[in-house]
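Some notes on the structure that comes next.
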Amino acid sequence: MFARRRAFSLIELVVVIVILGIIATIALPRIGRTAVGASESGLRQDLAIMRSAIESYRAEHRGSLPTLANMPNALLQFSDLQGTLSPTQTATAIYGPYLTQIPPQKVGENAGLATFGAPAATNTGWTYDEATGELRANATGADASGTNYADY
């Protein structure tokens, strides 16, 4: 008459919980490493894009580099051949902009900062050497392969 219902026993529930716990202990560290890897990959991409923008500036301004004083505006605004900045394109300010925004630095103690400083600066996301045009992440620490973030 009545169909007999079969419920899970306590042992079956415990076995399922143990299996889920084992899967979680394997999966969670991998997820954490993936998040760190994504930040490191993003840092490499941001550096490549900004370095390309600096080289484009140099090419269009007859070998002159942006100064630290006019970064980031040199990359975000229009400029004339002498590097005079303008928020809008004019008859003489025909170069740039090279970026739409400065990306925030993604790793280390200065993660989230989109500011520029001299190579020995603190509390900036990026360091920029106006004499050489070298741009680096202002971050201590290293990736999984041992490469320092500042050496990317």
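Here are the numbers for this structure:
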| item | result |
| --- | --- |
| Flag for S56 being within 16 Å of the chain's Cα centre (by Cα), of a type in the set (S, T, Y) and surrounded by 13 or more Cβ atoms within 10 Å (Cβ to Cβ) | no |
| L75 vs. criteria assigned to a loop (DSSP other than H, G, I, E, B), out of contact with any strand residue (DSSP E or B) (no Cβ under 9 Å at 6 or more places or on another chain), open to solvent by less than 50 Å² (accessible area, probe 1.4 Å) and of a type outside the set (S, T, N, Q) | no |
| Residue within the range 81-97 that is assigned to a helix (DSSP H, G or I) and either open to solvent by 40 Å² or more (accessible area, probe 1.4 Å) or touching a residue at least 24 places away in the same chain (Cβ under 8 Å) (or both) present | no |
| Test: residue in the range 35-43 that is at positive phi and either touching a helix residue (DSSP H, G or I) at 6+ places or on another chain (Cβ under 9 Å) or not in a helix (DSSP H, G or I) (or both) | no |
| Residues located in the range 44-62, provided they are under 18 Å from D129 (Cβ atoms) and either modelled with pLDDT under 95 or acidic (D, E) (or both) | D46, E55 |
| Unique residue being in contact (Cβ under 8 Å) with a residue 12 or more places away in the chain and either surrounded by 13 or more Cβ atoms within 10 Å (Cβ to Cβ) or farther than 22 Å from A118 by Cα (or both) when the list is R6, R44 | R44 |
| Those residues of the range 98-117 which are touching a strand residue (DSSP E or B) at 6+ places or on another chain (Cβ under 6 Å) and open to solvent by 20 Å² or more (accessible area, probe 1.4 Å), in sequence order | F116 |
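The values are calculated or read from the model by the stated rules, or taken from the named source; none is laboratory data. The shown structure was predicted, so the numbers you read here are calculated from the model rather than taken from an experiment. Here Cβ is always computed from backbone atoms with ideal geometry, including for glycine, and neighbour counts include all displayed protein chains. Ligands, DNA and RNA are stripped out before the accessible areas are found, and what is left, the full protein with its side chains, is counted by its heavy atoms. Shrake-Rupley method; radii C 1.70, N 1.55, O 1.52, S 1.80 Å.
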